[in-house]
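Beneath this line is the structure, given in structure tokens, with notes to follow.
The values are calculated or read from the model by the stated rules, or taken from the named source; none is laboratory data. Because the structure is a prediction, the values reported are computed rather than measured. All Cβ positions, glycine included, derive from the backbone under ideal geometry; neighbour counts span all protein chains shown. Only protein heavy atoms, including side chains, enter the accessible area calculation; ligands, DNA and RNA are left aside. Shrake-Rupley method; radii C 1.70, N 1.55, O 1.52, S 1.80 Å.
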Amino acid sequence: MNDRDIMENLLLTTKGVCDLFMHGTIESSTANVHQAFSTALNDSLCNQDKIYKEMSGHGWYTSQEAQQQQIQQVKQKYAAAQG
């Protein structure tokens, strides 16, 4: 397993953890439990961001910039749905 595969596995695992902590935050029944999940979620999101930046820096996670026309189409679609 190479470094890229390891980083990709870390990123996918961290995203899964974020999902679990988000649901824990939403579903928590007390303020203390809510705060614990919320803190864990924030920490996990920070870790996810670090992993993403590291992968992006190596060219292992590329993103494509959306064209202005695409952005406008999405805005119009959701504005019409809310109207």
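Quick rundown of the values:
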| read-out | value |
| --- | --- |
| Within the accessible area of the chain (1.4 Å probe), percent carbon and sulfur | 52 percent |
| Label assignment, P(r) over Cα pairs in 5 Å bins from 0, in percent derived from the structure, set (1) 3, 13, 15, 13, 11, 15, 18, 10, 3, 0, 0; (2) 3, 11, 11, 12, 11, 9, 8, 7, 8, 13, 7, 1, 0; (3) 3, 13, 15, 15, 12, 8, 7, 6, 6, 5, 5, 3, 2, 1, 0, 0 | (1) |
| Probe 1.4 Å, protein heavy atoms only - accessible area per residue of the chain in square angstrom | 80 Å² |
| Spin-label pair residue 43/residue 68, simplified geometry with 7 Å Cα→Cβ offset, distance in nm | 4.4 nm |
| Calculated FRET value between residue 78 and residue 22, using beta carbons and R₀ = 22 Å, to 0.05 | 0.50 |
